[in-house]
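*Asks:* Once you've had a glance at the structure underneath, I'll fire off some questions.
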Amino acid sequence: MPSLANQVVLITGASAGIGKAVALAAAKQGARLVLAARREGLLQNVKDSVVACGAETLIVPTDMADTAQVEALAAKALDHFGRVDILVNNAGYGQMGPVEEVDVAAMRRQFEVNVFGLHTLTRALLPQMRERRKGRILNISSVAGQMSMPFSGVYNATKFAVEALSDALRVEVAPFGIQVILIEPGPVATEFGRVAEEAFAAVVNPNGPYKAILENTADMASSFEKMAWPVDKVVQPILRAMTDPHPSDRYTAFTGGKLALGLMRLLPTALADQMWRRIYKLDQLGSPESAS
């Protein structure tokens, strides 16, 4: 595998999980790093770890929902290093809950972080990539960007948007020597699941029509945890996407990969809906017990 030596890599959401793991792996290959995240203390801890690997590192505390902060992140990266060779748009979280019960403010913030922040940072860095006729943009999407599931419709919508933006951008910037690559993880053993579970519990009305589902959240979370890949395993296809001279347009990072997605697309809608109802025990919502 080609090395990342002397490549300037900007990673958002770098304070934990996938972003932290990618930063450490890139540092070991000699990359120079720009690390961004909201939590400055955790970001500093990651910096200490990658500097110990010999990586020149700039940290920029950034809220991806704040356009001015995102634009400042790009400016600081370019001022410090003069360029960004690889952008890893990793920052994001999962706003879970019934579509009906996720309010507009929560939905708006989900799009601000997962979509608009990504778009703002990408736009800010594209001119210098185009000028050098070289650059690589990795957008961390999800299997959730390929199929929608109950109680994650708002999160799914953001990842569908990331997929659409990436597919269009890939064609638009290819003439300038810039590559756009999608990474599609499934469940990953990070804090994402815990945050998503908390977001779900926060929006579901305990006296509303979906109250029976609250009793099943622990079981559902446990089921997804069993399917989760360790974060180091997810980093492997991301490193391939960063270093392969001829990368694929997307890399799946979950059990079954493209085959599983293909089979889901072939499943008739009625059967798929029935499957999701069983998995999430939605049939009980219409029972007298669920209304009591």
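The values are calculated or read from the model by the stated rules, or taken from the named source; none is laboratory data. This one's a predicted model, so the numbers in the text were calculated from it and none came from an experiment. Every residue, glycine as well, gets a Cβ built from its backbone with ideal geometry; the counts of neighbours run over all protein chains shown.
*Asks:* Looking at region 130-139, can you tell me whether even one residue there is buried (at least 17 other Cβ atoms within 10 Å of the Cβ) and closer than 30 Å to A272 by Cβ?
*Replies:* yes
Conditions (1) part of a helix (DSSP H, G or I); (2) modelled with pLDDT under 90; (3) in contact with an Asp or Glu (Cβ under 6 Å, 6 or more places away or on another chain); (4) surrounded by 13 or more Cβ atoms within 10 Å (Cβ to Cβ), marked per residue:
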{"site": "A221", "(1), (2), (3), (4)": "yes, yes, yes, yes"}
{"site": "K233", "(1), (2), (3), (4)": "yes, no, no, yes"}
{"site": "G262", "(1), (2), (3), (4)": "yes, yes, no, no"}
{"site": "A270", "(1), (2), (3), (4)": "yes, no, no, no"}
{"site": "M275", "(1), (2), (3), (4)": "yes, yes, no, no"}
{"site": "L285", "(1), (2), (3), (4)": "yes, yes, no, yes"}
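*Asks:* Which of the residues that make up region 19-66 are aliphatic (A, V, I, L, M), in contact (Cβ under 8 Å) with a residue 60 or more places away in the chain and under 19 Å from D85 (Cβ atoms)?
*Replies:* The first filter runs over region 19-66 and keeps only residues aliphatic (A, V, I, L, M), leaving 21-27, 31, 33-37, 42-43, 46, 50-52, 55, 58-60, 64-65.
If we keep only those that are in contact (Cβ under 8 Å) with a residue 60 or more places away in the chain as well, we get 21-22, 25-26.
Across region 19-66, the qualifying residues are V22, A25, A26.
*Asks:* Failed condition for T57, given (1) under 25 Å from A196 (Cα atoms); (2) of a type outside the set (F, W, Y); (3) buried (at least 18 other Cβ atoms within 10 Å of the Cβ), with all others met?
*Replies:* For T57, the exception is condition (1).
*Asks:* If you take the residues in region 95-128 that are acidic (D, E) and surrounded by fewer than 18 Cβ atoms within 10 Å (Cβ to Cβ), which one is nearest to M242 (Cα to Cα)?
*Replies:* First pass over region 95-128, keeping only residues acidic (D, E): 100-101, 103, 112.
After this cut, where a residue has to be surrounded by fewer than 18 Cβ atoms within 10 Å (Cβ to Cβ) as well, the list is 100-101, 103.
On the way: E100: 39, E101: 39, D103: 37 Å.
My answer is D103.
*Asks:* Okay, next question. Six or more apart or on different chains, Cβ under 7 Å: which pairs go from a residue in region 71-96 that's more than 10 Å from V8 (Cα to Cα) to one that's part of a loop (DSSP other than H, G, I, E, B) and not β-branched (V, I, T)? Could you list them?
*Replies:* N90/G13; A91/G13; A91/M64; G92/G13; G94/S152; M96/F151; M96/S152
*Asks:* Okay, moving on. Identify the single condition in (1) within 13 Å of the chain's Cα centre (by Cα); (2) part of a loop (DSSP other than H, G, I, E, B); (3) surrounded by fewer than 20 Cβ atoms within 10 Å (Cβ to Cβ) that G92 does not satisfy, given that it satisfies every other one.
*Replies:* Exception for G92: condition (3).
*Asks:* Tally up the residues in region 98-128 that are within 26 Å of I11 (Cβ to Cβ), free of Cβ contacts under 8 Å to residues at least 40 places away in the same chain and of a type in the set (A, V, I, L, M, F, W, C), please.
*Replies:* Residues meeting the conditions: 0.
*Asks:* Quick one: would you say Q110 is outside any helix (DSSP H, G or I), within 26 Å of P187 (Cβ to Cβ) and among the polar types (S, T, N, Q)? If you could, list the steps in order and put the result at the bottom.
*Replies:* On the way: outside any helix (DSSP H, G or I): no; within 26 Å of P187 (Cβ to Cβ): yes; among the polar types (S, T, N, Q): yes.
No: the conditions fail for Q110.
*Asks:* Pairs, please: C-beta under 6 Å, at least 6 apart or cross-chain, first residue touching a residue at least 60 places away in the same chain (Cβ under 8 Å) and in region 250-275, second of a type in the set (K, R)?
*Replies:* T252/K258
*Asks:* Test L165 against the criterion of being closer than 27 Å to F254 by Cα and free of Cβ contacts under 8 Å to residues at least 60 places away in the same chain, and give yes or no.
*Replies:* Spelling it out, L165 is indeed closer than 27 Å to F254 by Cα and free of Cβ contacts under 8 Å to residues at least 60 places away in the same chain.
*Asks:* Additional query: Filter region 174-201 for residues that are more than 16 Å from the chain's Cα centre (by Cα), in a helix (DSSP H, G or I), surrounded by fewer than 20 Cβ atoms within 10 Å (Cβ to Cβ) and in contact (Cβ under 8 Å) with a residue 40 or more places away in the chain and give the result.
*Replies:* Taking region 174-201 first, the residues more than 16 Å from the chain's Cα centre (by Cα) are 174-179, 197-201.
Subsequent filtering for residues that are in a helix (DSSP H, G or I) retains 174-176, 197-201.
If we keep only those that are surrounded by fewer than 20 Cβ atoms within 10 Å (Cβ to Cβ) as well, we get 174-176, 197-198, 201.
Selection gives F176, E197.
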